[in-house]
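Read-outs throughout are calculated quantities, based only on the coordinates presented, and are distinct from any laboratory measurement. Treat the numbers as computed from the prediction; the structure is a model and nothing was measured. All Cβ positions, glycine included, derive from the backbone under ideal geometry; neighbour counts span all protein chains shown.
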Amino acid sequence: MDLSKFVRPHLDALHPYVPGKPVREERNILKLASNENLLGPPVSVVKALQKAAERVHYYPDDGSVAVRMKLAEKFNLEPDMLLPVAGCAEGIYYITQAFVDEGDEVVVSHPGFSIFNIAGAIQNAKVVRVPVKDDFTPDTAGMGEAVTENTKIVWLDNPNNPCSTIVRRPQVEELVSKIGGRALFVHDEAYVDFVTDPSYASGLEYLQEHENVIVLRTFSKIYALAGLRIGAIIARPEIITALHKVRMPFNVNALAQAALLAALDDEEYHQHSVAMAVEMREQMGKLLDEYGFRYVPSHTNFLLFDARVDCVELAQEMNEHGVFVRPMKGAGLATWVRASVPSNVVDCYRFADTLAVCQQRLLERKGGGPAR
Ligand SMILES: Cc1ncc(COP(=O)(O)O)c(C=O)c1O
């Protein structure tokens, strides 16, 4: 029987999300392919998890009430403006399912976070990609121009993944007013904690004035909770009510809820996590400079750089040396690679030295040419 005939036809053209290579073996792997936080989870979280593990025979709190209350206090918002989700990725699916119909349009920056596109494509929506500018910052003016009467959502990952750049407050404000009441505007701020530039503003600031703004937060990065899956959607209560209609029951598991409650109390870890990312991105930048690789100045916990060789081949070569990085060919950047920051200087050197050796090998294999 041809089972493919049962699949919704428009899914033929859809490519599933490509995750970073997982670490499965016990080899000495330096995994820099998925923008994870290599500090590891806070000790306070591990303790909370041990306690919570004894109660996993119960379903989790379906509304994540304690988490919602705690986040409401942290962000100084009413609890009905918050929806905890199993990672921002789940939040992106919910937002798309609730608001985007077949034939609607969504506007994204390209490159940008690929889940925006995948969620739109599942709904059979038209994904309108607006290329980033030459300096790798999202073209917010172009995104505003791309809004039509069919647009339902404008997605802005700010900072942008994979570019690591930010859009500053005046440009975001311009985009929000250009959209007006015509579409929803989602400000995905997965890396917000790592931004030190004072001209950047969280979407929480736009939320006060603009009813159509939705903010996405993840706790995967700053608190190193990626494996547990927890984030939050922040928006006006009418939007949250609509999202509850598409939400999976018990969407945030009990361990994730317990972990976040502990993490939110751990101010010391938060500060350490930010300081480490800032220090390590500077260190990595310095080493890339020393080896002569061009990179985009980063506002995140990862860097995007030009390896000047085929990025897929380079990533394969580096994999074999135990250093996992993410080739960006799929995003249209044939020689560019994304790598998250290690947790210490020794690993920064391991990354940079491995990169230089592997690039040199590829160049030699292809018949020479100057390394840099
Ligand atoms: C811009 C952006 N948004 C959302 C996410 C997803 O975060 P989560 O782990 O909460 O699903 C990522 C993860 O890499 C990201 O880069």
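For the reader, a short list of remarks on this structure follows.
- Residues whose placed amide H lies under 5 Å from that of K31, excluding near-sequence neighbours: F324
- Ranked by the mean number of other Cβ atoms within 10 Å of their residues, highest first, the peptides 47-54, 319-326 come out as 319-326, 47-54.
- Karplus-derived HN-Hα couplings along the stretch 277-293 (A = 6.51, B = -1.76, C = 1.60, θ = phi - 60°), whole Hz, x at Gly and Pro: 4, 5, 5, 6, 5, 5, 4, 5, x, 4, 5, 4, 4, 4, 7, x, 9
- Each Lys and Arg adds +1 at its Cβ and each Asp and Glu adds -1 at its Cβ; summed about the Cα centre, the chain shows a dipole of about 820 debye.
- For the stretch 56-264, a Kirkwood radius taken over Cα pairs fed into Stokes-Einstein (25 °C, viscosity 0.890 mPa s) yields D = 143 µm²/s.
- Note: the stretch 303-372, Cα convex hull, 80 Å³ per residue.
- For the chain, the mean residue ellipticity at 222 nm estimated from helices alone is -12000 deg cm²/dmol, where every DSSP H run of n ≥ 4 contributes -39500 (n - 2.57) and the total is divided by all residues, rounded to the nearest 500.
- Averaging 1/r across all pairs of distinct Cα atoms in the stretch 199-303 and inverting the result yields a Kirkwood radius of 16.6 Å.
- Pairs of Cα atoms nearer than 8 Å and 6+ residues apart set the relative contact order; for the chain it is 22 percent.
- In this structure, the amide hydrogen of A201, modeled 1.01 Å from its nitrogen in the peptide plane, lies closer than 5 angstrom to those of R169, counting only residues at least 5 positions away or on a different chain.
- Sequence ranges 240-249, 269-278, 331-340, ranked by mean other-Cβ count within 10 angstrom, highest first: 331-340, 269-278, 240-249
- Cβ-to-Cβ counts within 10 Å put M1, M69, M328 in ascending order as M1, M69, M328, the fewest first.
- Cα convex hull of the stretch 3-140, projected area averaged across orientations, nm²: 14.0 nm²
- Net charge of neighbours whose Cβ lies under 11 Å from the Cβ of P159, counting Lys and Arg as +1 and Asp and Glu as -1: -4
- Projecting the Cα atoms of I166, M69, L228 onto the charge dipole of the stretch 56-264, computed from C-beta unit charges around the Cα centre, puts L228 farthest toward the positive end.
- Quotient of Cα Rg and 2.2 N^0.38 Å for the chain, N being how many residues it contains: 1.00
- Taking a sphere under 15 Å around the Cβ of S340 and counting the other residues whose Cβ falls inside, with K and R at +1 and D and E at -1, yields a net charge of +2.
- Note on the stretch 176-235: the C-alpha convex hull projects to 4.5 nm² when averaged across all orientations.
- Which listed pairs, of K152/K178; K74/K221; K126/K178; K21/K126; K133/K366, have C-alpha distances above 22 Å, in listed order: K21/K126; K133/K366
- Kirkwood Rh and Cα Rg combined as Rg over Rh, evaluated for the stretch 1-64: 1.16
- Proximal aspartates and glutamates relative to K286, as straight alpha-carbon distance under 16 Å, when same-chain residues fewer than 8 apart are discounted: D306, D347, D353
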